[in-house]
Each structure stands twice: as structure tokens, then as C-alpha cells.
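Everything below concerns the one structure shown next.
The values are calculated or read from the model by the stated rules, or taken from the named source; none is laboratory data. Quick caveat, the model's predicted, so the values are computed rather than measured. In this analysis, Cβ positions are derived from the backbone assuming ideal geometry, glycine residues included, and neighbour counts consider all displayed protein chains. Accessible surface is based on the protein model in full, side chains and every heavy atom, while ligands, DNA and RNA are left aside. Shrake-Rupley method; radii C 1.70, N 1.55, O 1.52, S 1.80 Å.
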Amino acid sequence: HTAIVDEADSVLIDEAVTPLIISSTREGDAMTDAYRRAWAFVQGLVLGADYSKDLRYREVELLPPGKEKIKSYTGELPPLWRGPARLTDLIKQALTAREFFLNGKQYVVQDGKVVIVDEFTGRMMAMRRWRDGLHQMIEAKEGVEVSPRDQTLARLSFQRFFRSFRRLAGMTGTAK
């Protein structure tokens, strides 16, 4: 009937629209090798010559020379990732991990695992993972064991979750 929220300002304001995701691990995911190979491949790509980056939107764009290099690389990946669209997505994911996610800023490596760091509070968020293979790409980047991807089973925002309680209370030291 009642929810008591610690650090209410952070949970109810800063992270209010962050979805809570219930997921399970995909068994038999053969992507580990693809992430490692894609990470190794992007080490040969040069910023400005093969790709460009947009800091504002945290996006990378492949330039024509980079696209040509990718075409010659397709045979080295598992069959699922040899198609041009999937391969481009995989390489862009690796470039995004390289250009925009820095150890000590967005994440840390702790006990052989990548742990996300909240950029606003500096707190480590041990149970959270980036989606769409980004977390696995960063694991490949750091040379730790690449974990299987997750499959989303359900999503719920904090706002909808807390509406299910009859009484809601919160505490915070920040409000003082």
C-alpha cells in the first residue's frame, strides 16, 4: 500500500521517465565473437577519413572510404551479420563505444564486469545495462567476458510504477 523512496529527488524527478525494464538473458546467443571481431575491425578506421562523429547527438556516420572497408570485411563475421544493414549497425555500435563511452566517465570495470556510472550523480548502477548490444560492445572494448544480450519482457516507467501505490513518501538530503 505504501512506497517510501530514498533519494526521492533523483528517483521521482531525474529518473522519472527512465523505464524499468524486466528482461531475461538470451540463451545460445552466438554474438560474442561478432562483437569482438567488430571491435577489432574499427581499430583500423580513422576519424575524419573513414567516419565522422556528431558530439551533440552522440552519433557516428560512415564516410565512403569507411563503407568500402566494411564491404571487404563481411566474410569474417557470422552469417547473420554479413548483410550490409546489420553489419553497418554493428560497426556503428563499435564506433559509438569507442568515441562516446569512456572508462571512468560513463562506466568503470569492476571485478571483470562493466558497471554503468550515472553521469549526473557519479553513482555506480550495478544492475543496469545498455541495450541493443552497446553493453556487450563495451565489454568487448574492455577485453572482459562478453555477456549474452538481454531480451526485453516488459517495460514500465517509474511514474506508472509509483502510481500503483496508495501512499507515496520520499526523503532526500538534497532538498535541505
Only one of Val114, Val146 is touching a residue at least 12 places away in the same chain (Cβ under 8 Å) and more than 21 Å from Thr18 (Cβ to Cβ), namely Val146
Kindly provide the set of residues from region 1-52 that are among the charged types (D, E, K, R) and under 23 Å from Phe120 (Cα atoms), ordered by number.
Asp6, Glu7, Asp9, Asp14, Glu15
Leu102 vs. criteria surrounded by 16 or more Cβ atoms within 10 Å (Cβ to Cβ), at pLDDT 85 or above and either more than 27 Å from Ile4 (Cα to Cα) or in contact with a strand residue (DSSP E or B) (Cβ under 6 Å, 6 or more places away or on another chain) (or both)
no
Return the pairs, sorted by first residue and then second, in which the second residue is polar (S, T, N, Q), the first residue lies in region 160-172 and is open to solvent by 50 Å² or more (accessible area, probe 1.4 Å), the beta carbons are less than 6 Å apart, and the residues are 6+ apart or on different chains.
Arg167/Thr2
Since Thr121 meets every condition but one in (1) open to solvent by less than 70 Å² (accessible area, probe 1.4 Å); (2) hydroxyl-bearing (Ser, Thr, Tyr); (3) without any contact (Cβ under 8 Å) to a residue 40 or more places away in the chain, which condition does it not meet?
(3)
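Consider Ala38 carefully, then state whether it is in contact with a helix residue (DSSP H, G or I) (Cβ under 9 Å, 6 or more places away or on another chain), surrounded by 14 or more Cβ atoms within 10 Å (Cβ to Cβ) and in contact (Cβ under 8 Å) with a residue 12 or more places away in the chain.
yes
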I'd like to verify a number: residues in region 1-35 that are touching a Pro at 6+ places or on another chain (Cβ under 8 Å) and either assigned to a strand (DSSP E or B) or open to solvent by 80 Å² or more (accessible area, probe 1.4 Å) (or both), how many?
3
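Determine if region 57-66 includes at least one residue that is open to solvent by 30 Å² or more (accessible area, probe 1.4 Å) and assigned to a helix (DSSP H, G or I).
Of the residues in region 57-66, the ones open to solvent by 30 Å² or more (accessible area, probe 1.4 Å) are 57-59, 61, 63-65.
With assigned to a helix (DSSP H, G or I) added as a condition, the list becomes 64-65.
Yes: one or more hits.
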Output the number of residues of region 106-129 satisfying the condition of being touching a strand residue (DSSP E or B) at 6+ places or on another chain (Cβ under 7 Å) and either at pLDDT 90 or above or not basic (Lys, Arg) (or both).
12
Tally of residues being open to solvent by 30 Å² or more (accessible area, probe 1.4 Å), of a type outside the set (S, T, N, Q) and in contact with a helix residue (DSSP H, G or I) (Cβ under 7 Å, 6 or more places away or on another chain) across region 87-99:
1
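Is it the case that region 112-134 has a residue that's of a type in the set (Phe, Trp, Tyr) and within 13 Å of the chain's Cα centre (by Cα)? Break it down stepwise before answering.
To start, the set of residues in region 112-134 that are of a type in the set (Phe, Trp, Tyr) comprises 120, 130.
Adding the requirement that they be within 13 Å of the chain's Cα centre (by Cα) leaves 130.
Yes.
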